[in-house]
Amino acid sequence: MTKARFVPLEGYHALPVDEMERRATAFADEVARRRTIRQFSPRPVPRRLVEECVRAAGTAPSGANRQPWHFVVVEDPDAKRQIREAAEREEREFYTTRAPPEWLEALEPLGTDEQKPFLETAPFLIAIFGERYGVTPDGHQFQHYYVTESVGIATGILITALHHAGLATLTHTPSPMKFLNEILGRPAHERPFLILVVGYPTSDAMVPDIQRKPLEEIVTFR
Ligand code: IYR
């Protein structure tokens, strides 16, 4: 048991309300410009940029502050090729047999298929893992809490940080993706959450003509 210890809140800066409103609108407008892309340019991205975005992701709140996440930043072409081959194997199964017709119909507007060339083209893949439990340096296991929620929040911050930095992403979830543990040498208690494909869009990148739900539809004030 570790007793609670407190320190003064130093990072919080109060702002005038009109400035808060300006910032809130500017932020909403900026994140609204984010689009998931599937056509990645091979243009290199400085590793430092990705590092800073992962640092932002690591500030996410988590169950009992256990920070049950691990990010594997993959730039090695051989590892990317292995990931592409394994993902395309699963996706071929998905598109030809596993997915029920209703699911395939839901995906139609996105125009996706089993070809995942971006897994090799994009300069970085970030494989995000959730740690099902923690392990002390001497090998003892301890509980993690709300792992999916915590890793989901961290991933949201990561996507937002990358967008804010001027990069584009794709959230990719081949299923199952246990192959990531083997290719990336991660222990069995780490569960792959998703692959984030990171880079620049090609100059002729196209995105699906789909819309976001309007505010009124996603919020209720009462
Ligand atoms: N994982 C597959 C299928 C897929 C599923 C959903 I739900 C999407 O929003 C997009 C794709 C693929 O990556 O093609």
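The values are calculated or read from the model by the stated rules, or taken from the named source; none is laboratory data. All values derive from a computational prediction rather than experimental measurement. Cβ placement follows ideal geometry from the backbone for every residue including glycine, while neighbour counts extend to all protein chains displayed. The accessibility values were calculated without ligands, DNA or RNA, using every heavy atom of the protein model including side chains. Shrake-Rupley method; radii C 1.70, N 1.55, O 1.52, S 1.80 Å.
Any chance segment 203-212 includes a residue that's within 23 Å of R23 (Cα to Cα) and within 16 Å of the ligand (Cβ to nearest atom)? Within segment 203-212 (the criterion being within 23 Å of R23 (Cα to Cα) and within 16 Å of the ligand (Cβ to nearest atom)), the answer is yes, since at least one residue qualifies. Scanning segment 27-48 for residues that are open to solvent by less than 60 Å² (accessible area, probe 1.4 Å) and either part of a helix (DSSP H, G or I) or more than 22 Å from P214 (Cβ to Cβ) (or both) yields A28, E30, V31, A32, I37, F40, S41, V45.
Contact map, segment 100-118: first residue more than 9 Å from the ligand (Cβ to nearest atom), second residue open to solvent by 70 Å² or more (accessible area, probe 1.4 Å) and among the charged types (D, E, K, R), Cβ cut-off under 7 Å, separation 6 or more or different chains; pairs are F118/R38. With the requirement that a residue be free of Cβ contacts under 8 Å to residues at least 60 places away in the same chain and either open to solvent by less than 20 Å² (accessible area, probe 1.4 Å) or among the aliphatic types (A, V, I, L, M) (or both), what does segment 143-201 give you? Answer for segment 143-201, where residues must be free of Cβ contacts under 8 Å to residues at least 60 places away in the same chain and either open to solvent by less than 20 Å² (accessible area, probe 1.4 Å) or among the aliphatic types (A, V, I, L, M) (or both): N181, A188.
For R81, the conditions (1) touching a strand residue (DSSP E or B) at 6+ places or on another chain (Cβ under 8 Å); (2) open to solvent by 70 Å² or more (accessible area, probe 1.4 Å); (3) in a helix (DSSP H, G or I) all hold with the exception of (1).
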